[in-house]
Amino acid sequence: MADLMALAEEIVDGSVEVIDMTAPLHANTPILGLPPEFGQTASFELEEISKYDDRGPMWYWNNFRTGEHTGTHFDAPNHWVSGKGLDDVSQVPVRRLIGPAAVIDKTAEVQENPDFCLDIDDIKAWESENGPLPAHGWLIFRTGWSSRGDDPEAFDNADDEGPHTPGATPAAAKYLSEETDILGWGVETVGTDAGGAMNFDQPFPCHSMFMGANKYGLTQLRNADRLPTRGAVIIAAPLPIVTGSGSPCRVIALVDRS
Ligand code: MN
């Protein structure tokens, strides 16, 4: 029998640590910029309604405006044309938001080469060391990129050729989407694909293959370095925006410290 009361006690006494993998949401939270011919996502904006003043003497509250894909967020299958007709963010079953984490650490490689792409051999090497990727689990691509998260320019890391940020090769995306039972792939960067992925032989392979396989994406994760290689549990909590393609998302990891 599941012992949920024991889990609750372990959270209180700290033997299970609760780690926030979410970036703070504010006007300078980095967002994806597309080439100018495409529609653009909005930055996060707060509009004050009242703050204990004439407009509302006892209460403080705001309206906000933002893109669905702002900050730490969840990509639903219908985000991509390959997943057209699959679940919108409100339709994703909540039991598919929670799962064991597997962490692949390529921080050193990304420090050498910001365009580093995880390849199929990296995943197979990880599996031969750590066992198969967990069924119904989240694969977390640890790159150290979140250390740039408070500096939009460094986070974007663009030059004349466009952004230089890490991702996965088409072969790796195909393997993960077709040969594994993971729920999805979580990254520290602005999107689930590499900065240069528009120009890959197969453009945007992570978006295209994960969404098409009814899997999910999590982006702009923080604190991936505080997770063990295996054994953490991740809870992703996007808002149920009816018909939405994604949502800013609180991502929480539970880690055994006993
Ligand atoms: Mn997205």
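Read-outs throughout are calculated quantities, based only on the coordinates presented, and are distinct from any laboratory measurement. What you see is a predicted model, and the numbers here were worked out from it, not measured in a lab. A quick note on method: Cβ atoms are made from the backbone with ideal geometry, for glycine too, and the neighbour counts reach across all protein chains shown.
Residues that are within 11 Å of the ligand (Cβ to nearest atom) and not in a loop (DSSP other than H, G, I, E, B) within region 180-208 comprise 187, 206, 207, listed in sequence order. Of all residues in region 110-126, those satisfying the criterion of being loosely packed, with under 14 Cβ neighbours inside 10 Å and either touching a strand residue (DSSP E or B) at 6+ places or on another chain (Cβ under 6 Å) or under 19 Å from residue 206 (Cβ atoms) (or both) are 113, 121, 124.
Which condition from (1) surrounded by fewer than 22 Cβ atoms within 10 Å (Cβ to Cβ); (2) in contact with a Cys (Cβ under 8 Å, 6 or more places away or on another chain) is the one that residue 212 breaks? Looking at each condition in turn, residue 212 falls short on (2). Hey, any hits in region 210-218 for a residue that's over 18 Å from residue 96 (Cβ atoms) and either of a type in the set (Gly, Ala, Ser) or in a loop (DSSP other than H, G, I, E, B) (or both)? No, because not a single residue in region 210-218 is over 18 Å from residue 96 (Cβ atoms) and either of a type in the set (Gly, Ala, Ser) or in a loop (DSSP other than H, G, I, E, B) (or both).
Residue pairs whose Cβ atoms lie under 6 Å apart, sitting 6 or more positions apart in sequence or on different chains, and linking a residue in region 195-221 that is closer than 28 Å to residue 154 by Cβ and hydrophobic (A, V, I, L, M, F, W, C) to a partner that is in a loop (DSSP other than H, G, I, E, B) and more than 12 Å from the ligand (Cβ to nearest atom), are 221/21; 221/188. Screening residue 124 against (1) touching a Leu at 6+ places or on another chain (Cβ under 7 Å); (2) free of Cβ contacts under 8 Å to residues at least 60 places away in the same chain; (3) assigned to a helix (DSSP H, G or I) leaves a single unmet condition, (1). Kindly indicate whether any position in region 90-100 is over 17 Å from residue 231 (Cα atoms) and under 14 Å from the mean Cα position of the chain (by Cα). Scanning region 90-100 turns up no residue that is over 17 Å from residue 231 (Cα atoms) and under 14 Å from the mean Cα position of the chain (by Cα).
I'd like the full set of residues that are more than 13 Å from residue 172 (Cα to Cα) and either hydroxyl-bearing (Ser, Thr, Tyr) or surrounded by fewer than 24 Cβ atoms within 10 Å (Cβ to Cβ) (or both), limited to region 184-199. The answer is 189, 191, 195, 196, 198, 199.
Pairs linking a residue in region 66-85 that is within 22 Å of residue 146 (Cα to Cα) to a residue that is of a type in the set (A, V, I, L, M) and within 8 Å of the ligand (Cβ to nearest atom), with Cβ atoms under 9 Å and 6 or more positions apart or on different chains, are 67/32; 69/32; 70/32. The residues in region 235-258 that are in a loop (DSSP other than H, G, I, E, B) and either within 16 Å of the ligand (Cβ to nearest atom) or over 21 Å from residue 100 (Cα atoms) (or both) can be counted, and the count is 7. For residue 165, the conditions (1) within 23 Å of residue 89 (Cα to Cα); (2) within 16 Å of the ligand (Cβ to nearest atom); (3) in contact (Cβ under 8 Å) with a residue 40 or more places away in the chain; (4) not aromatic (Phe, Trp, Tyr) are fulfilled apart from (1).
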